[in-house]
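Quick notes on the structure that follows.
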Amino acid sequence: MKIAYLINDMYGIGGTIRTVANQAAALASRHDVEVVSVFRHRDEPALPMPPGVGLRPLVDVREHDGSTGVGGRPLYEGSERAGLPPVLFPPEDSRGSTHSRLTDDRLEEYLTTTDADVVVGTRPGLNIAVARCAPGNVVKVGQEHLTYEQHSEALRRVMAREYAGLDAFVTVTEADARTYSRNMPLPGVRVLSIPNSVPAPPFTANGHNSRTIVSAGRLAPSKRHDLLVKAFASLAEEYPEWTLRIYGRGGRRGALAKLVGSLGLQDRVWLMGPHTHVEEAWAQGAFAAVTSSEEPFGMTIVEAMRSGLPVVSTDCPHGPASIIRDEEDGFLVPNRSVSGIAEGMARLMADDPLRRRMSAAALADSERFDPANVVRLHEGLFSELAGTPLTASDAAPPVPAPRAEPPVACRVRAGGDGLVTLTFTDPPDLIELVRAGQRVTLAPDWRGQVVVDPARERLAADTWEVTRVDGDSVAPVRDVEIHQQGYPLQARRTPELSLVVPTRSAKGGLLLHVRRSAHHAEVGHVEVAEGLITVQGRVLGREEADARARMVVRLRTTRRTLREFSSPVAFGGLFTAVIDPEAVVRGRHGDSEAWEMRLVLSDGTECTVGRHLSGVVGYKKIIEYPAQDVRPARGPGSRVRPYYTVNDRLGLKTSALAPTVEVEEVRVRAAGGGDRLRFAFRLTDTLPEGVEAAVEVVRGTDAGQRYPLEVEGRLLTGAPPLPAHPDHAGVEGLRASWQVRLLAGPAGALSRIGAGSVPGHTARRWNHGPYVRSVTASPLANGDLKVTVADVHMWSALNRRLR
């Protein structure tokens with residue numbers, strides 16, 4: 001059979017995308033399979049397409065000139081149809097705002113002309129399109145990747161009306177299939193459940209107690225990562241060596257980062273961002289945690305179990321209870337319960353033998369979700385609906401094995417010894433490690449292996465690109481599988497820093513991050529509180545105490561500019577440095593500068609200071625420490641924030657501090673013959689010396705422009721020529737609006753000053769001919785101002801008054 005899967009966007013990362021890829025890969029062993037993606041937003045899919053599976057995009061959204069149509073719809077491909085709301089795709093679907101008449105046209109064209117025997121929709125809007133447009137000779141299957149309760153009442157009404165045109169409707173749990181059968185009867189439509197499938201990963205967790213809890217999924221409200229963070233916070237003191245890594249992207253990242261900061265857990269809870277090969281992340285964990293308030297199936301649960309991790313999950317509708325065998329391969333805990341989640345995690349954190357037993361059970365129990373077992377259900381359904389049910393001869397082999405994937409080009413193994421081994425399927429003549437201004441050449445051995453030893457090769461602490469040399473051809477090493485094990489390293493058992501951490505570039509090329517230093521102080525905890533910055537950690541390979549050690553904070557651009565702070569080292573190498581931000585910026589207020597940090601022992605030994613032993617790179621995007629504000633008696637102040645460099649060394653950044661004043665009153669009136677608007681802002685306090693001010697246009701003509709204001713004590717004034725913009729030239733009876741923002745601060749570092757609490761104000765004056773120009777300034781909730789200019793005809797105004 002030819003089977004086509006219709007999906008909204010196959011080029012991103014998500015549970016539905018992984019599910020479709022798994023189903024397509026398994027079916028491709030005996031069928032012609034194609035994935036049809038409505039949208040294409042990048043050149044290649046973020047998750048590689050399975051071998052033998054075709055991919056056909058319908059609408060290309062990679063380039064857009066900014067033009068829009070109805071409801072702000074982008075005019076993709078330059079088509080006016082892209083600016084009109086959809087008719088075929090129901091607007092009640094949550095993706096309705098991204099669809100248009102252009103997507104309708106492409107969907108209808110594909111569905112009415114397809115040569116597929118079976119077309120499978122993967123969300124309500126696409127299921128409805130399939131039901132409406134696919135011809136009668138095509139088997140029409142709708143898949144549900146959410147649940148009945150997760151759809152709006154308006155969408156469910158459309159589904160109930162249109163799903164009658166399907167041949168079958170498939171949910172991922174029996175509970176949801178029962179809910180649909182009870183609440184949305186579909187006579188003549190076969191309603192059933194088939195679980196999602198997850199292939200076995202190339203490697204699993206090796207039983208090493210990484211003391212790492214892993215969670216993965218969209219950072220969305222329903223995933224309730226906030227409960228997970230709070231539960232971990234309640235256990236953090238009792239289990240000080242454990243950390244929590246949360247993988248994924250989404251709109252809740254900012255709120256989660258704020259929560260982590262408020263709990264002081266920046267060093268223990270890490271927002272890792274998305275991972276395109278999540279099985280590599282699972283393999284670094286001790287167990288997994290899933291805290292959703294609702295979960296249609298629970299792909300991440302199965303993925304974690306297939307990687308050998310027991311799972312602590314909320315017992316939410318509908319998926320987790322159909323996957324986890326409570327007390328055997330994981331724990332089902334009360335939904336939306338911080339204490340319940342904490343109790344389940346604590347049992348695994350405290351009991352190594354229990355965790356190992358559950359790990360083995362998770363591996364065994366999750367085999368029922370292997371594609372080879374699940375695909376038979378899909379194949380049987382499609383064959384039956386097509387009128388060609390499977391016969392006894394079709395049952396050899398009894399279970400269709402997924403199409404064998406070609407081996408990856410390079411397997412990368414990174415161990416706790418700091419070395420990295422590259423094993424090539426097709427060995428190159430040579431490999432080159434490349435960084436700016438330097439190349440290191442290595443040759444594969446007879447097995448096609450290259451061992452990268454940073455100490456032996458004297459590799460600098462930097463990021464190295466790995467290229468392969470084949471004759472005259474030089475190309476990046478891509479198509480890699482990265483298996484990292486043995487991390488995090490224990491600082492007290494690591495005599496010196498010499499290790500390599502492999503990752504991928506944005507284009508999939510292999511990168512090796514070398515972390516090497518003869519003398520190193522590993523950071524364990526950073527605290528910003530009570531006007532001070534405290535750094536704690538351990539000096540590698542040192543047992544003796546050093547009461548006279550000091551932390552040197554040195555300006556990167558002028559190394560002779562430095563500050564020193566006491567940093568005594570206790571027995572065992574533990575150090576504590578207390579840094580006074582006021583001393584760091586003394587005499588340099590208002591400057592934006594970067595400072596490096598070094599721990600200097602009493603004998604003059606200088607130690608690098610950073611975070612490396614976890615086997616993670618890129619802390620600059622993972623950990624954000626709070627800043628400490630320093631306000632002098634006069635002049636602009638400074639903000640001092642600890643941060644990690646691109647090489648994961650700890651440093652300080654200083655920046656100008658925005659004035660802490662607000663707008664008390666604002667007046668805007670026409671000036672300069674009507675070609676200008678004169679602004680007058682009265683502040684609650686006088687700005688410090690040396691501070692500049694400006695008004696910035698956020699929306700409207702001249703958007704993005706800044707116009708300077710004169711500073712006279714508490715009064716800021718200026719007259720930007722907003723009405724003089726060419727768009728308004730020759731307009732009789734002008735009506736225009738702008739969103740403007742007040743900025744103030746040191747030159748080059750202006751920050752917003754809120755005007756959200758000022759009363760609105762309208763000023764009128766004669767402008768030209770019979771017109772009076774009215775200028776109204778109204779505060780907005782975000783602190784900006786909306787300024788509206790309207791020319792009113794005097795006779796019309798007088799008429800309204802007389803009435």
Response to the item:
Checking ARG211, ARG190 in turn, the sole residue that is more than 30 Å from HIS483 (Cβ to Cβ), in contact with an Asp or Glu (Cβ under 9 Å, 6 or more places away or on another chain), basic (Lys, Arg) and surrounded by fewer than 17 Cβ atoms within 10 Å (Cβ to Cβ) turns out to be ARG190
Fill in: Yes/no for PRO45 being closer than 16 Å to ILE7 by Cα, surrounded by 19 or more Cβ atoms within 10 Å (Cβ to Cβ) and modelled with pLDDT under 95
yes
Worksheet entry | Count of segment 328-340 residues which are within 13 Å of PHE287 (Cα to Cα) and in contact with a strand residue (DSSP E or B) (Cβ under 6 Å, 6 or more places away or on another chain) | 2
Item to complete: Could you list all residues from segment 151-173 that are within 34 Å of the chain's Cα centre (by Cα) and not in a helix (DSSP H, G or I)?
Response: HIS151, SER152, PHE169, VAL170, THR171, VAL172, THR173
Discussion item. Condition check: among the hydrophobic types (A, V, I, L, M, F, W, C), in a loop (DSSP other than H, G, I, E, B) and either closer than 28 Å to VAL480 by Cα or modelled with pLDDT of 95 or more (or both). Does ALA361 satisfy that?
Written reply: no
Item to complete: For segment 738-788, name all the residues that are loosely packed, with under 15 Cβ neighbours inside 10 Å and assigned to a strand (DSSP E or B).
Response: SER751, THR762, ARG765, TRP766, HIS768
Worksheet, complete the sentence: The condition of being under 30 Å from VAL585 (Cβ atoms), surrounded by 18 or more Cβ atoms within 10 Å (Cβ to Cβ) and among the acidic types (Asp, Glu) holds, among GLU689, GLU664, GLU710, GLU696, only for GLU696
Worksheet entry | Residue under evaluation PRO688, criteria (1) in contact with a Phe, Trp or Tyr (Cβ under 8 Å, 6 or more places away or on another chain); (2) free of Cβ contacts under 8 Å to residues at least 60 places away in the same chain; (3) over 30 Å from VAL500 (Cα atoms), criterion not met | (1)
Item to complete: Please give the number of the condition GLY78 fails out of (1) in contact (Cβ under 8 Å) with a residue 60 or more places away in the chain; (2) at positive phi.
Response: (1)
Discussion item. Quick test for you: out of VAL630, VAL578, VAL646, pick the one residue that is of a type outside the set (Ser, Thr, Tyr) and crowded, with 16+ Cβ neighbours inside 10 Å.
Written reply: VAL630
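Taking segment 138-150 only, how many residues are modelled with pLDDT under 95 and either polar (S, T, N, Q) or not in a helix (DSSP H, G or I) (or both)?
Residues that pass the stated criteria total 4.
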Fill in: Residue that is nearest to ARG95 (Cα to Cα) [pool: residues in segment 174-192 that are of a type in the set (D, E, K, R) and assigned to a helix (DSSP H, G or I)]
ASP176
Discussion item. For segment 473-487: of the residues being at pLDDT below 95 and surrounded by fewer than 18 Cβ atoms within 10 Å (Cβ to Cβ), which is nearest to THR421 (Cα to Cα)?
Written reply: GLN485
Worksheet, complete the sentence: Taking segment 228-257 and the residues there that are touching a Lys or Arg at 6+ places or on another chain (Cβ under 7 Å) and within 15 Å of GLY344 (Cβ to Cβ), the one that is surrounded by the most Cβ atoms within 10 Å (Cβ to Cβ) would be LEU244
Discussion item. Being in a loop (DSSP other than H, G, I, E, B), touching a strand residue (DSSP E or B) at 6+ places or on another chain (Cβ under 8 Å) and modelled with pLDDT of 90 or more narrows it down to one residue among PRO708, PRO720; which is it?
Written reply: PRO720
Practice prompt. Could you list all residues from segment 443-480 that are of a type in the set (Ser, Thr, Tyr) and either without any contact (Cβ under 8 Å) to a residue 60 or more places away in the chain or in contact with a Cys (Cβ under 9 Å, 6 or more places away or on another chain) (or both)?
Written response: THR467, SER473
Fill in: Considering residues of segment 431-445 that are within 15 Å of ARG456 (Cα to Cα) and among the aliphatic types (A, V, I, L, M) only, the residue nearest to the chain's Cα centre (by Cα)
LEU433
Discussion item. Can you report the number of residues in segment 617-649 which are over 27 Å from ARG245 (Cα atoms) and acidic (Asp, Glu)?
Written reply: 1
Worksheet item: For segment 514-579, which fully contained strands (runs of 3 or more DSSP E) count at least 1 residues that are without any contact (Cβ under 8 Å) to a residue 24 or more places away in the chain and of a type in the set (Phe, Trp, Tyr)?
Response: 562-566
Discussion item. Being among the charged types (D, E, K, R), buried (at least 23 other Cβ atoms within 10 Å of the Cβ) and either on the phi > 0 side of the Ramachandran plot or out of contact with any Leu (no Cβ under 7 Å at 6 or more places or on another chain) (or both): is that true of GLU174 here?
Written reply: no
Worksheet, complete the sentence: Output for Cβ contacts, cut-off 9 Å, separation at least six or different chains, first residue under 13 Å from HIS728 (Cβ atoms) in segment 665-678, second hydroxyl-bearing (Ser, Thr, Tyr) and assigned to a strand (DSSP E or B), reads ALA670/SER774; GLY674/TYR771
Discussion item. Can you go through GLY618, GLY635, GLY604 and tell me which one is at pLDDT 95 or above, surrounded by fewer than 19 Cβ atoms within 10 Å (Cβ to Cβ) and over 32 Å from the mean Cα position of the chain (by Cα)?
Written reply: GLY604
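Report, by residue number, each residue of segment 107-123 that is in a helix (DSSP H, G or I) and buried (at least 19 other Cβ atoms within 10 Å of the Cβ). Give the steps one after another, and end with the answer.
From segment 107-123, those in a helix (DSSP H, G or I) are 107-113; that's our starting set.
Correct list: LEU107, TYR110, LEU111.
The values are calculated or read from the model by the stated rules, or taken from the named source; none is laboratory data. Since we're looking at a predicted model, the values are computed, not measured. Backbone-built Cβ (ideal geometry, glycine too); neighbour counts: all protein chains shown.
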